[in-house]
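As structure tokens, the structure follows; a few thoughts come after it.
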Amino acid sequence: MFGEEIGFEKSLNFSTFSGDEADYIPLMTPEDEQELSTEKIPEELPILPIRNTVLFPGVVIPISAGRDKSIKLINNAYNSTRTIGVIAQKDGSIEDPKPEDLYQVGTVARIIRMFKMPDGNVTIIIQGKKRFEVSEWIATEPYLKAKVIGREEVLPKKQSQRFKVLIDSIKETAIKIIQESPNLPSEAAFAVKNIESETFLVNFISSNLNINIEQKQALLEEVELSKRANMVLKHLINEMQMLEMKNQIQNKVKTEFDQQQREYFLYQQMKTIQEELGGVTTEKEIEEFKARAKKKKWNEEVAKHFEKEIAKLQRANPQMPEYSIQRNYIELMLDLPWGEISKDNFDLKRARRILDRDHYGLNKVKDRIIEYLAVLKLKGDLKAPILCFYGPPGVGKTSLGRSIAEALGRKYARISLGGLRDEAEIRGHRKTYIGAMPGRIIQNLKKVGYDNPVFVLDEIDKLSFGMQGDPSSAMLEVLDPEQNKEFYDNYLELGYDLSKVLFIATANDLTTIQPALRDRMEIIEINGYTLEEKYEIAQRHLIPKQLKEHGLTKDDLRLTKSVIEKMIDSYTRESGVRNLEKTIAKLVRNIARKKAEQQPYDVRMNWETVREILGPTRYDRDMAEDNTVAGVVTGLAWTPVGGDILFIESTIYPGSGKLTVTGNLGEVMKESAIIALAWIKANAHTFSIDSRIFSKFDIHIHVPEGATPKDGPSAGVTMLTALTSLLTQRKVKKNIAMTGEITLRGKVLPVGGIKEKILAAKRSGITDIILCKDNQKDIAEIEPEYIEGIRFHYVSRMGEVLDIALTDELVDEPVDFQAMMESMEVSKALSLST
């Protein structure tokens, strides 16, 4: 800035030209130029470093000096020859420059005038005379001094037409820049127009160009005037283009501002017309917002935030997009319940009746809801638990939430989380973004209008992870009773109390739920239904529902218990009742069509008629009863959609003792087969198995339905039984199934999913089940009616499994391994002799 130490220059470039500075710009004549070119320069010169500018021959500039060395140099020179050497610094930030910090080419200058400032600084006005180059530095104290060599100007030919055109272009462009720029005075154009000397014109414009020091120094070091003129013209053209672009931008902004003023004027007129017509104006709308705010039960923090936001709305221009964004935000704040609580109904008997009316069975779940109501009734306030109904599809997890809402007398809200992969769906978007919305939680609270609804988070195990964040992590704050009192939504920008909401999540598979999220929920398992329960559900709910949806009445279709049970047994094999409902819907559609076409049909349908409509049966009850083949055993499996049975098949053939396992199996299941075979080899003498079999035959184990991936240790006892049956050719008992993990020591270990497996076994006609003794506690938790007609055999050793599962009777066509091996030996001997 002005007043800094030596090196400061107040450049006379076109961007800062002023009328006062014009006093320091003499218009050189050709005679003056001739005098400068012939003037001799001393061999030695005191060197004055300057920064932020470059001095050109003939140009006059003011310099303000503040450093001691520079003040001494100026005083000595002013009192003697007044001639000094001026060189620009490479780096203007250096306070005490050394010779290596300066350029080698500078300008001889004459001090025209000197002024002493009150602060001790010295200001001088100097005029450049001639270029020079430093040949040797001879002193640094008390100031810089150097031996110099003059650099003569190389002028173009007098008759060069191209050079004349170049000079005219420089002059015209410089004048045009001065005229186009609003910051430059018109005197500058007059000064440029009246410069007669071509050399001085180029130097004068070079000195005043709005370019950096390196570029100015390059102009100074160029001794050929024609080349320097070309360089100057390029810089001028660039400056001209920048100025034109700047003016275009300013004109555009001015046009846009004028348009805003016009729109504002029109808006004021429109507002006046609306008032005359009795319409709603912005002021009236804001007053309505304030009136609604007075009725809200929000705390002081929210009230202050609302006042701040309503003030922003009042200041905003209604014609701007920001106004509608702010208005939508205000409306959201006013639409949210903010402490509005619906009254709970504590009639426990009524609640039980509603739950029993809508859902058959599920006694544990119903007892848990009644417990919640009882505690809430006694305490008056209860931090809502996060319940998670876990079970296969179609067992009524989602519909149970609606029944709970009706039993409590609360509003009902539901979100489907399946496939949701954007965190903003839970937490909302920042309201500054276009199209921003609050999260689904806040949206549903706004919809129901109360802070204590029953909120069903459907399919929480199917939350996805995408580029927009992890929604399951965002759910942690929603479902944590210690945190959800201040749930933060990005759009709302305020903490919102979710602690009074009764959250109910549903899931088919707990393994896919994030562990931290699962820890925050109370898991309530809902297992599949038995045949008897499915009949009751079909009779009470599914058939009346489908008749109503198809425009029929209960008098249009009547099915006997045996027909319904055969439908369930022959067309469905699932834990829930979804496929059963589809089967009933197909039957009802056929009746609706016949009734619409006025065709006769039997209201009391028998099984033959039902089977004709539904088509061939899909399942047979005797699917688990085949024991005529050795090495085929029925096992029990757990799947995310409920329990199921699976068959372990095995066969043996001449080979080299290799074991092959197929059927889309996981590593754990393959290892169970290896363990089972290893244990049988170790105990072959116990079962009278010829040990030569293991080296002369290959064994192949297969689990059908290869398209379905299967894994887990629970098929260990099943593979053991299949291999033992195969190697001993003993029959497996009819209608028996088993599940359990095995070890090399001969132990049987417990497994999970017992209830689902038991229901699957019962659906398939299994009458005997082998389990580990440690699974006996799981059977005790199952309702007696679920396990009626099934005998359980509890074991702890693998030998006990075989004693129970295998009979002493051989299969109908047993394989004679002894004869086969003797035949193989004979064939081998003949082959060797040949």
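What follows draws every value from the coordinates through simple rules; no lab data is involved. Fair warning: this is a prediction, and the values are worked out from it, not measured in the lab. Cβ: placed from backbone, ideal geometry, glycine included. Neighbour counts: every protein chain shown.
The table below lists the values:
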| quantity | calculated |
| --- | --- |
| Value in Å of the Kirkwood radius, where segment 117-177 supplies the Cα pairs that are averaged | 16.4 |
| Length-normalised contact order for the chain - Cα pairs under 8 Å, 6+ apart - percent | 7 |
| Convex hull volume per residue in cubic angstrom - Cα atoms of segment 702-827 | 144 |
| Rg over Rh [alpha-carbon atoms, Kirkwood Rh] for segment 590-702 | 1.27 |
| Spread of Cα-to-Cα distances over 5 Å intervals beginning at zero, given as percent, for segment 531-614 | 3, 15, 29, 28, 17, 6, 2, 0 |
| Loop chymotrypsin sites (Phe, Trp or Tyr not before Pro), segment 438-538 (other Cβ atoms within 10 Å of the site Cβ: 14 or fewer; DSSP) | 465 |
| Sparsely packed trypsin sites (Lys or Arg not before Pro) within segment 345-411, loop by DSSP, other Cβ within 10 Å at most 13 | 383 |
| Debye intensity ratio I(q)/I(0), log10, segment 95-218, q values 0.09, 0.10, 0.11, 0.14 Å⁻¹ (C-alpha model) | -0.39, -0.48, -0.58, -0.89 |
| Solvent-free Debye scattering, log10 I(q)/I(0), computed from the Cα coordinates of segment 289-423 at q = 0.18 Å⁻¹ | -1.02 |
| Helical segments meeting 20 Å axial Cα length and Kyte-Doolittle -0.5 threshold in the chain (DSSP H) | 161-180, 363-379, 667-682, 817-833 |
| Size-normalised alpha-carbon gyration radius of segment 636-710, reference 2.2 N^0.38 Å | 1.26 |
| Stretchable slack from residue 556 to residue 83, in nm (0.36 nm times residue separation minus alpha-carbon distance) | 158.0 nm |
| Fraction in percent of alpha-carbon pairs per bin - 5 Å, segment 282-335 | 4, 20, 35, 25, 12, 4, 1 |
| Residue 794/residue 447 FRET efficiency (R0 60 Å; Cβ-Cβ; nearest 0.05) | 0.70 |
| Segment 58-158: GluC sites (Glu not before Pro) in DSSP coil with no more than 15 other Cβ atoms inside 10 Å | 95, 152 |
| Size descriptor, Kirkwood hydrodynamic radius, that averages inverse alpha-carbon separations across segment 621-818, Å | 16.7 |
| Label-point separation, residue 609 to residue 509 (7 Å along Cα→Cβ), nm | 4.3 |
| Using a Förster distance of 60 Å, the FRET efficiency for residue 783-residue 287 (Cβ separation, nearest 0.05) | 0.45 |
| The chain - convex hull of the alpha-carbon atoms, volume per residue in Å³ | 432 |
| Where only alpha carbons of segment 348-525 are counted, the Rg and the Dmax (Å) | 16.1, 51 |
| Neighbour-count ranking [beta-carbon atoms within 10 angstrom, fewest first] of 823, 650 | 823, 650 |
| Whole-Hz couplings from phi, Karplus 6.51/-1.76/1.60, listed for segment 112-117; x for Gly and Pro | 7, 8, 10, 10, 9, 8 |
| Considering only the chain, percent of DSSP beta bridges that pair antiparallel, nearest 5 | 60 |
| Percent of C-alpha pairs per 10 Å bin, segment 753-834, short to long | 14, 30, 20, 13, 12, 9, 3, 0 |
| Inter-probe distance in nm under a simple model that places probes 7 Å from Cα toward Cβ, at residue 545 and residue 808 | 5.4 |
| Stretchable slack from residue 319 to residue 346, in nm (0.36 nm times residue separation minus alpha-carbon distance) | 4.5 nm |
| Cα-projected label distance for residue 596 with residue 272, points at 7 Å along beta-carbon direction, nm | 6.4 |
| Under-5 Å amide H pairs with residue 151, H placed in peptide plane, nonlocal only | 131, 132, 133 |
| Relative contact order [Cα under 8 Å, 6+ residues apart], segment 282-335, whole percent | 44 |
| FRET efficiency, residue 586 to residue 399 (Cβ-Cβ, R0 22 Å, nearest 0.05) | 0.55 |
| All aspartates and glutamates inside 12 Å of residue 594 as judged from Cα atoms, apart from same-chain residues fewer than 8 positions distant | 556, 602 |
| Overall Cα dimensions of segment 716-784, principal axis frame, Å, largest first | 39, 29, 13 |
